[in-house]
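Undergrad: Below are the structure tokens for one structure; questions will follow.
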Amino acid sequence: MSFPSLDTALPAGVDAREHARVLRRVHEAALSGRPTPASLRPVVEDSWARVRRLGIDPDSGPPPRTARMEELQRDRTASPIAEVLSLIRRSLVPVADQADHVMLVTDAAGQILWRDGSYRVRAVGDRVGLVEGAYWNEASIGTNAIGTALAVGRPVQIYSAEHYVRNLHTLTCACAPVHDPRDDRLLGAIDVTGPVSTVHPSTLALVHTVARLAEAHLQSMHHTHLERLRSVAAPLLAGLNEPALVVDESGWTAAAVHMEPVRRILLPRHRYGSTAWMPALGECSLEPLPGGWLVRPRPRGECTPTSVTLDLAGSEPTVAVAGHSGEWAHRPSPRHTELLLLLAVHRRGRTARQLSQDLFGSPEHVVTVRAELSRVRRQLGGIIESRPYRFSEEVRVRVHTPGTFEEMLPSSTAPAVRELRQADPEQIADMTMGQR
């Protein structure tokens, strides 16, 4: 298991108390408009810019919104992280107790689903709203490890006065997102929070490791489910003389006969009748099975999608495809989201060399761009054409953006996306909304 380098708030060898004093001076200077005595880390600087636009008051930040108990229980039951909660607790609660910290597990919206650990720090958490059911996204509480890690999609540690709201300056937090290992969908996050005086540089690495272990366990459970579905479907498939495949409820392939298996198909969110157009297979019949579907491709016809909607306004980007025989929804990876956005903006098309420049600031990554677009085209079928890469002229393309363009794809560092964040919203709307 390999790990990226982690951007810790307190590098090894730095005096924690002195670092906290410097950060408090930076906080005071930045909020008063004076030159700061030191630079903030980019992840913190970007987060402060976002929460300023949200109107968060650093002196009297509002208490976080807290769900009712019945809502909390419903969200706990629905969370896939519940299946690996015992693993997370075994890995982190003893460490949190010993270090005088608390362990928190959230959903993708930043709602704290579970809290364990030090009684003393739980009492501190009660005073600032760090409780089960509370939403700790950036819109609720400003810059904090949970909200910022969910916003940028990677592990984050927030130390002392890096928190935007002053009453959180006594805390340090380390958080790592948890993604669905099947499709990289954000499921939630794991966080360890404690007093500034007990911070340790290795805390973020520990939390990140546990998040990766949780993802690996979820992957193993998915493989087990597919094996069970494969066993159930084996007698049925053995009697077929035509191409067919068996997929689970999310479209992941368990078995196939008389055809080249695809890793996953996009199942329709809404379908009309017993047939549906599948981006990778064309027109198909769908028959329910225990835990999945029997999918039988039909001879290719003329049924094609009529519209594509790229939604960037929610907590996670989604792409929805609508056609005459149903509607499909898919959560693209961050890189695929960038590509779809750029192709939506440039309806006349982009070459691989241009997209390389758009994504990496260099034309030298053509091979990578072509490989990624090959994957996108396999997922979305005939929607995207090549030479140059573009959406088909017959398909209507819409892009739903956040309230302000500065909030669009906050984790993206692609030069072209950063330029779009500064663009005129009406200009982007003219290029994307309702075009054919």
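Undergrad: Can you compute the modelled spin-label distance between R390 and R298, with each label point 7 Å from Cα toward Cβ, in nm?
TA: 3.2
Undergrad: Additional query: Given the Cα atoms of the stretch 16-220, and with Rh set as the inverse mean 1/r over their pairs in the Kirkwood sense, what is Rg to Rh to two decimals? Kindly include the intermediate steps, with their values, before the conclusion.
TA: On the way: Rg = 16.2 Å, Rh = 16.9 Å.
A ratio of 0.96.
Undergrad: Within a 10 angstrom radius of the beta carbon, how do L186, L104 rank from fewest other beta carbons to most?
TA: On the way: L186 18, L104 29.
So the residues, fewest neighbours to most, are L186, L104.
Undergrad: By DSSP, what percent of the beta bridges with both residues in the chain are antiparallel, rounded to the nearest 5?
TA: Counting DSSP beta bridges with both partners in the chain, the antiparallel share is about 95 percent.
Undergrad: Using the Cβ atoms and a cut-off under 14 Å, what net charge is assigned to the surroundings of L92, where Lys and Arg are +1 and Asp and Glu are -1? List each step's numbers first, then the result.
TA: Details: positive: R89, R90, R115, R212; negative: D97, D100, D116, D191.
Net charge in that neighbourhood comes out at 0.
Undergrad: Sequence-distant or interchain residues sharing an amide H contact under 5 Å with V397, placed H: which?
TA: V308, G434, Q435
Undergrad: Let me ask you something else. Between the helical axis of 42-53 and the dominant principal axis of the chain, each derived from Cα atoms, what acute angle in degrees is found, rounded to the nearest 10?
TA: The two axes meet at around 90 degrees.
Undergrad: Let me know the shape class of the stretch 240-297, please: from the alpha-carbon gyration tensor, a ≥ b ≥ c as square roots of the eigenvalues, rounded when a/c is under 1.5, otherwise prolate if a/b is greater than b/c, or oblate.
TA: rounded
Undergrad: May I ask you to compute the full-extension gain from R348 to S86, defined as 0.36 nm times their residue separation minus their alpha-carbon distance, rounded to one decimal in nm?
TA: 89.2 nm
Undergrad: Over all Cα pairs of the stretch 36-116, how is the pair count split among 10 Å bins, expressed in % and running from 0 up to the last occupied bin?
TA: 14, 30, 33, 21, 2
Undergrad: Bin all alpha-carbon pair distances of the stretch 190-273 at 10 Å intervals from 0 and give each bin's fraction as a whole percent.
TA: P(r) for the stretch 190-273, in whole percents per bin: 14, 29, 22, 14, 12, 6, 1.
Undergrad: While we're on this one: Summing Lys, Arg as +1 and Asp, Glu as -1, what charge do residues with Cβ under 15 Å from the Cβ of S356 carry, S356 excluded?
TA: Net charge around S356: 0.
Undergrad: Show me, bin by bin at 10 Å from 0, the whole-percent P(r) of the chain based on Cα pairs.
TA: The percentages, shortest bin first, are 4, 19, 26, 25, 17, 7, 2, 0.
Undergrad: What angle do you read, to the nearest 10 degrees and between 0 and 90, between the alpha-carbon axis of helix 69-78 and the longest principal axis of the chain?
TA: That works out to roughly 50 degrees.
Undergrad: Still on this structure, I have one more. Please give the length that would be gained between A29 and Q73 if that part of the chain were fully extended, namely 0.36 nm times their separation in residues minus their C-alpha to C-alpha distance (nm, one decimal).
TA: Net length gain for the segment: 11.6 nm.
Undergrad: Taking amide H positions as placed in the peptide plane 1.01 Å from N, state which residues far from C284 in sequence (5 or more) or on other chains have amide H under 5 Å from it.
TA: A276, W277, M278, R298
Undergrad: Distances longer than 18 Å among the Cα atoms of the stretch 92-183: what percent of all pairs is that?
TA: Values: 1730 of 4186 pairs.
Looking at the stretch 92-183, the distances longer than 18 Å represent 41 percent of pairs.
Undergrad: Kindly express, to the nearest 10 degrees and within the range 0 to 90, the angle between helix 366-380's C-alpha long axis and the longest C-alpha principal axis of the chain.
TA: 60
Read-outs throughout are calculated quantities, based only on the coordinates presented, and are distinct from any laboratory measurement. Just so we're clear, the structure is a prediction, and the values are computed from it rather than from any experiment. Neighbour counts are summed over all protein chains in view; Cβ atoms, including those assigned to glycine, are modelled from backbone coordinates with ideal geometry.
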